[in-house]
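The values are calculated or read from the model by the stated rules, or taken from the named source; none is laboratory data. Worth saying up front: this structure is predicted, and the values here are computed from it rather than measured. Glycine gets a Cβ as well: all are built from the backbone with ideal geometry, and neighbour counts include every protein chain shown.
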Amino acid sequence: MKKILLLGVVIVLFTSCEKQEKRYTQQSPEIETYKKVIEAYEKRNWDEMTSHYADTAKIFNNATEKNPQNLAQLVAQNKEDASIFSSWDFTDENAEYEMVVTDKGETWVNFWGLWQGNLKANNKLYEIPAHITARFVDGKIVREYGYWDISKIMMDLRDIETAKITEENTEN
């Protein structure tokens, strides 16, 4: 009986000492890399930003699986967006990062943040909550999904354009 009890204790000790893989963390090299991506985006440093992506990365910002962007398209879209804003930034106090390893062994970094930007056309400050998740392979981003709502900006841009057209028609 003592041998069985002793064997049970030994088994419990060995199984409890097994190194378990960390599947969730808020500190990792991938998180540090993604912080660099966000910082480069804020500074509009597209070369630095894209250096953290694999050449074949697929980006799905407010897009379905059928409509991914490649890196060149991502940069072009960001440059176009940057041209209409005098400033933009993710607020540090609202930023959250986490890394997870899925059941399939995939490494993903999740980012939640509050984006702020001043539109040149009306000098209005917009605040938009955003969620971005990026899959890493060998230290590079291979897939990225981003979700945010820009409808307020789009409605204001429409109103600004309508006012311009109305003003031009009134002058003629």
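Mind telling me which of the residues Glu161, Glu96 ends up being within 30 Å of Tyr24 (Cβ to Cβ), of a type in the set (Asp, Glu) and surrounded by fewer than 16 Cβ atoms within 10 Å (Cβ to Cβ)? Working first, answer last.
Numbers: Glu161 fails: within 30 Å of Tyr24 (Cβ to Cβ).
After ruling out the rest, the residue left standing is Glu96.
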So which residues in segment 135-148 are out of contact with any Phe, Trp or Tyr (no Cβ under 6 Å at 6 or more places or on another chain), assigned to a strand (DSSP E or B) and either of a type outside the set (D, E, K, R) or on the phi > 0 side of the Ramachandran plot (or both), if there are any at all? Phe136, Val137, Val142, Gly146, Tyr147, Trp148
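With exposed (fewer than 14 other Cβ atoms within 10 Å of the Cβ), within 13 Å of Arg143 (Cα to Cα) and polar (S, T, N, Q) as the only criterion, which of Thr91, Thr64 stands out? Can you show your working first?
Details: Thr91 fails: within 13 Å of Arg143 (Cα to Cα).
Of Thr91, Thr64, the one residue that is exposed (fewer than 14 other Cβ atoms within 10 Å of the Cβ), within 13 Å of Arg143 (Cα to Cα) and polar (S, T, N, Q) is Thr64.
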Out of contact with any helix residue (DSSP H, G or I) (no Cβ under 6 Å at 6 or more places or on another chain), at pLDDT 95 or above, surrounded by fewer than 13 Cβ atoms within 10 Å (Cβ to Cβ) and farther than 18 Å from Ala63 by Cα: which single residue out of Lys140, Lys120 fits that description? Lys120
Picked from segment 37-47 (must be among the charged types (D, E, K, R) and without any contact (Cβ under 8 Å) to a residue 12 or more places away in the chain), the residue surrounded by the fewest Cβ atoms within 10 Å (Cβ to Cβ) is Asp47
Take Asp81 and tell me if it is out of contact with any strand residue (DSSP E or B) (no Cβ under 7 Å at 6 or more places or on another chain), under 18 Å from Tyr147 (Cα atoms) and surrounded by 14 or more Cβ atoms within 10 Å (Cβ to Cβ). yes
Enumeration of residues in segment 48-83 that are free of Cβ contacts under 8 Å to residues at least 40 places away in the same chain and among the β-branched types (Val, Ile, Thr): Thr50, Thr64, Val75
Can you spot a residue in segment 101-115 that is more than 24 Å from Asn45 (Cβ to Cβ), of a type outside the set (S, T, N, Q), assigned to a strand (DSSP E or B) and more than 14 Å from the chain's Cα centre (by Cα)? yes
Name the residue, out of Ala57, Ala95, Ala63, that is closer than 17 Å to Met154 by Cα and within 15 Å of the chain's Cα centre (by Cα). Ala63
